[in-house]
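Read through the structure below, which is laid out as C-alpha cells, and then see the notes.
The values are calculated or read from the model by the stated rules, or taken from the named source; none is laboratory data. Only a predicted model underlies this, so the values are computations on that prediction, with no experimental measurement involved. With ideal geometry, Cβ positions are generated from the backbone for all residues, glycine too; neighbour counts draw on all protein chains shown. The area values use the complete protein model at the heavy-atom level, side chains included, leaving out ligands, DNA and RNA. Shrake-Rupley method; radii C 1.70, N 1.55, O 1.52, S 1.80 Å.
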Amino acid sequence: MEAIQGFTQTILSMQWSDYLDIIVVAFIIYKLLPLLRTPHIMRLARTVVLLVLVAWATDVMHLYTLNWLLSQLLAIGLLAFVVLFQPELRRMLDHLGSVRLPDFLGGSKPVQEMETVITQTVRACEIMSRDKVGALIVFAREQHLSEYYKTGTQIDAQVSDPLLRNIFFHNSPLHDGALIIREGRIAYAGCVMPLSKNPNLPKELGTRHHAAVGTSEVSDAVVVVVSEETGAISVAVGGMLKRHLAPQTLDKLLHNELVPGQKEENQGNLLERMRDKLTRKGKEDDANEKE
C-alpha cells in the first residue's frame, strides 16, 4: 500500500517537462529498436536476459561464488558487446547519419505506390522464373543498407517489370549483383551483399541464396531471389528462407512484409463483409417467418 501511495505521489509531483522527457525518450527507443532487430542481436539479448535472471537467482539462494563470477561476466559484457557486434553498431550509426527527419518521424511511401512496386516485382519474378534468369532483389526497410551502395551502381529509377528484367538479363553487367529497392525506387544495382555463414542451409543453394539469407540476417530487409538453375522463387526474412514460392504466394508475402497496414485493412473489410452477410441473412429469416 505504501509503495502505491509513493508511486502516486511521484506521478502527481511530476511537471510537464518530465512527461515530455519520458515521451521523447520512449519515442527514440521505439525508433532505434528496429535497427537492432537482427537474429544476432536477438540471440545476444536472450543470453543477457538469461544471465541476469541466473545472477538474480544465485543472489537469492546465496551462491556467492557463482554470483561473483556472473557479476564479473556482466561487468565486461559491454566491452564484449562492442567488440563482437562492431559491424552491427557501425551499420546502425551509418544509418542514423543518413536518416532524414520525415523518415525518422514515421514518413513512408503511400500504400498505392508500394502496391505498384510489389505488382511490378512479382510480374518480373514470374517471367524470370519461367525463363530461369537469376535475380536477387533486396527491399530495404528501416535499415537502408547504405554501406553496400559503394559496391554497386546507382540507378535511382522507378520500379518496373521491364527494367528489373533488363538489369538481370544474362548479358547485363549488373546481373550478378543484388538490386536494392529503397523507398519504393530502385536505388542501386550490382551490389555485393554479405553471405550467410549458417551451416544448416541446404548444400544445393548457390551464392545468390546465401547472399539473400546473409542480408536478412544482418538487417530487416526482405530479399527475393530467383534461382538461375531451377527458376524457383524464394524469399529471405530474418535469416529464414522460404523456398519454391508461387507468384501468388510471393505477392501475398511481400504485401504482408512491406505493406503491413493493408493486412489490418483487409481484415477489417472481411469483418464488415461477414457482418453484412449475417445482417442480410437475418433480414431474410425475418421475412420468411412473416410469410
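Data for the structure
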quantity	calculated
When each of K197/K242; K203/K252; K132/K197 is checked by Cα-Cα distance, pairs over 24 Å	K203/K252; K132/K197
Calculated FRET value between V60 and Q9, using beta carbons and R₀ = 30 Å, to 0.05	0.50
Heavy atoms of R208: accessible area, 1.4 Å probe, square angstrom to 10	40
For region 178-227, radius of gyration divided by Kirkwood radius, i.e. Rg to Rh on alpha-carbons	0.98
Mean separation of Cα contacts under 8 Å (6+ apart) over length of region 201-264, as relative contact order %	22
If the convex hull is drawn through the Cα atoms of region 135-210, its volume per residue in Å³	101
Accessible-area order (highest first, 1.4 angstrom probe) of the listed residues F169, F139	F169, F139
Per-q log10 I(q)/I(0), region 120-162, q = 0.16, 0.28, 0.33 Å⁻¹ (Debye; single scatterer per alpha-carbon; no solvent)	-0.56, -1.10, -1.17
